[in-house]
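Rule-based calculations on the coordinates, nothing more; no lab input. Computed from a prediction, not measured in an experiment: that's the story for all the values here. Glycine also receives a Cβ, built like all others from the backbone with ideal geometry; neighbour counts cover every protein chain displayed.
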Amino acid sequence: MIMIKLFKKLYNDWFALPPKTRFYISGIANFVFSFLLFMLLVTFLGYRLYRLCVFLQWFIPSLAVYLIQKYFVFKTKGDVIYEYLKYSATWFFCFICNVAILEFFIMTITKNVYCAQFFAYVVVTILSYFIFKNLAFFKKNE
């Protein structure tokens with residue numbers, strides 16, 4: 001019974017936060033997981049395959065990120081398949097932005113793929129809030 005009360009309190013406290021705050025909290029957790037995954041992949045696959053590592057960094061956690069954003073960030077209701085298709089298109093756009101920014105950083109700022117991807121991922125994470133909120137999880141009544 002105590003666990004149920006605790007869960008309800010955490011649930012209510014979580015949804016008392018603004019969506020932007022929930023997005024950035026979940027985004028930080030995703031950022032940490034994804035960046036550690038990227039580092040692990042580059043370590044094992046090598047620097048030359050950093051583009052594949054970026055793809056895997058985005059692809060592997062994508063379904064979990066969708067579910068978190070749908071149910072715990074934007075709290076949307078509706079057609080799950082249609083929303084997932086919109087999410088996937090938005091995800092792909094953010095992924096392409098990440099690759100473009102990463103390549104730009106590698107060509108102009110640093111050859112270190114870890115540093116370049118860290119900063120590219122920070123930029124894309126910030127931009128992705130607005131992209132996901134306004135495209136993938138857009139609510140007509142807001």
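Some notes on this structure:
- Total charge dipole magnitude, the chain, about the Cα centre, Cβ charges on Lys, Arg, Asp, Glu only, Debye to nearest 20: 380 debye
- Two-site FRET efficiency, Phe93 against Lys9, from Cβ-Cβ distance with R₀ of 35 Å, rounded to 0.05: 0.40
- Considering only Ala89, Val42, Thr76, and ranking their Cα positions along the charge dipole of the range 2-136 that arises from unit charges at the beta-carbon of Lys, Arg, Asp and Glu, the one farthest toward the positive end is Thr76.
- Each helix, a run of at least 4 DSSP H residues, gives -39500 (n - 2.57); summed and divided by the residues of the chain, these come to -25500 deg cm²/dmol at 222 nm.
- Across the range 16-37, the residues whose backbone nitrogen lies under 16 Å from the label position 7 Å along the beta-carbon direction of Asn112 are 36.
- For the chain, the convex hull drawn through the C-alpha positions has a volume of 126 cubic angstrom per residue.
- Positive-end ranking of Phe23, Gln57, Leu6 along the dipole of the range 1-65, with charges on Cβ about the Cα centre, is headed by Leu6.
- Considering only Tyr87, Tyr11, Tyr50, the Gaussian network model of the chain with Cα springs below 10 Å gives its largest mean-square fluctuation to Tyr11.
- Helix 2-16 vs. the chain, principal-axis angle (Cα, 0 to 90°, nearest 10): 70 degrees
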